[in-house]
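Here the structure is laid out as structure tokens; the discussion comes afterwards.
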Amino acid sequence: MLNIRLEGKIPIYEQLYSGISRLIISKELIADEKLPAVREVAKQFGINPNTVQKAYGMLEQSGLIYTVPAKGSYVSGEKSAAAAIKFNAMTNAEKEISAAFRAGAELEEIISLARLIWEREREETDD
């Protein structure tokens, strides 16, 4: 289920990208499952089809979906999607760690925070 806030500060295409990514990660959308047509999504949320197309383009560029001309867009295979999700997460982590370094964070602070997050996430997945 996607929740889109038309009046929010986050651009709609980013909300679509994040929402669909989350559905793929949680396996609510499975490998080779067909995504709704661009026009269908646009009509459902009352948004411009170009906005949906931009989100789908980002998803495809990230390796989370693939497009078959004249057939539509589909969720990438599990291994491809998992690799894409990991790559994106690692790229984002790298940017944030670089920003923390430039802001004066010490290596031990970053390592300590990473351990804290790691343990918290592990506990949540064990529940």
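Values in this text are rule-based calculations from the coordinates and carry no lab data. None of these values were measured; they are calculated from a predicted model. Virtual Cβ from ideal backbone geometry, glycine too; neighbours counted across all protein chains shown.
In debye, nearest 20, what is the charge dipole magnitude of region 80-126 about its Cα centre with +1 on Lys and Arg Cβ and -1 on Asp and Glu Cβ, if you could check? Could you put the intermediate results ahead of the total?
Details: 6 positive and 10 negative charges, 54 e Å.
Taking the Cα centre of region 80-126 as origin, the dipole is about 260 debye.
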Structure-derived volume of the Cα convex hull per residue in Å³: which label, when the choices are (1) 98; (2) 118; (3) 134 | (3)
Please get the size of the charge dipole for region 12-77, origin at its Cα centre, with Cβ charges of +1 on Lys and Arg and -1 on Asp and Glu, quoted in debye to the nearest 20.
-> 140 debye
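Which value, in debye to the nearest 20, describes the size of the charge dipole of the chain about its Cα centre when Lys and Arg Cβ atoms bear +1, Asp and Glu Cβ atoms bear -1, and nothing else is charged? Could the numbers behind the result be given before it?
Numbers: 16 positive and 19 negative charges, 153 e Å.
Value, rounded to 20: 740 debye.
Subtracting the Cα-Cα distance from 0.36 nm times the residue separation, let me have the gained length for Glu40 to Ala103 in nm, one decimal. Intermediate results must be reported in sequence, preceding the final value.
Values: separation 63, 0.36 × 63 = 22.68 nm, distance 4.43 nm.
So the chain would gain 18.3 nm between Glu40 and Ala103.
Just tell me, in residue order, which DSSP H segments of the chain are both 20 angstrom or longer along the helix axis (alpha-carbon based) and at least 0.5 in mean Kyte-Doolittle hydropathy.
Once both thresholds are applied, nothing remains.
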Report relative contact order for the chain in percent, whole number only (criteria: Cα-Cα under 8 Å, sequence separation at least 6).
-> 20 percent
Separation in nanometres of the label points that stand 7 Å from Cα toward Cβ, at Ile110 and Lys9 | 2.5 nm
Of region 68-102, those with amide N under 17 Å from the point 7 Å along the Cα→Cβ vector of Lys27 are 75-86
